[in-house]
Amino acid sequence: MVLLRRMLGEALRRRRQDQHRTLREVSSVARVSLGYLSEIERGQKEASSELLASICDALGVRLADLLREVSDDLELAEFAAGGPRVGGPVGGMPPMAAMQSRGVGTTTAVVDRAA
């Protein structure tokens with residue numbers, strides 16, 4: 001079974017290491033203990049949305065981008081494991097392409113210009 005907390009942790013660690021930053025540096029900026037951040041990265045602890053936002057801010061990453069990356073990784077992992085797919089594959093396409101062909105997963109931003 002694929003665990004969301006493990007995939008989130010892996011994505012956070014990958015981002016941190018890509019920036020050549022230490023756990024200590026990121027934990028200090030995010031205001032979370034080094035040990036707790038380490039546990040999050042290893043998938044041993046599940047971070048709250050507020051803590052994820054703080055870690056993303058410390059990494060200079062948008063939370064939406066991180067969640068999109070994890071969602072794509074999760075979809076591929078489930079597909080590879082033969083997990084359930086809503087509606088089944090469309091014409092043998094990979095999961096993301098099948099979803100997009102059905103209009104699922106595409107969003108349109110609504111901007112309130114009166115504000």
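Each reported figure results from applying straightforward, stated rules to the coordinates on display, with no laboratory input. This one's a predicted model, so the numbers in the text were calculated from it and none came from an experiment. Virtual Cβ from ideal backbone geometry, glycine too; neighbours counted across all protein chains shown.
Computed packing ranks the peptides 17-25, 56-64 as 56-64, 17-25, most packed first, by mean other Cβ atoms within 10 Å. Evaluating 6.51 cos²θ - 1.76 cosθ + 1.60 at θ = phi - 60° for every residue in segment 3-13, the Karplus couplings come out as 9, 4, 5, 5, 5, 4, x, 5, 5, 5, 4 Hz, glycine and proline recorded as x. Extension gain, R68 to Q19, is 15.7 nm, computed as 0.36 nm per intervening residue step minus the present C-alpha separation. Cβ-to-Cβ counts within 10 Å put M7, M1 in ascending order as M1, M7, the fewest first. Over all pairs of different C-alpha atoms in segment 1-69, the reciprocal of the mean inverse distance, the Kirkwood hydrodynamic radius, equals 11.6 Å. Here the simple spin-label model places points 7 Å from the Cα toward Cβ, and for R6 and E50 these points are separated by 2.9 nm.
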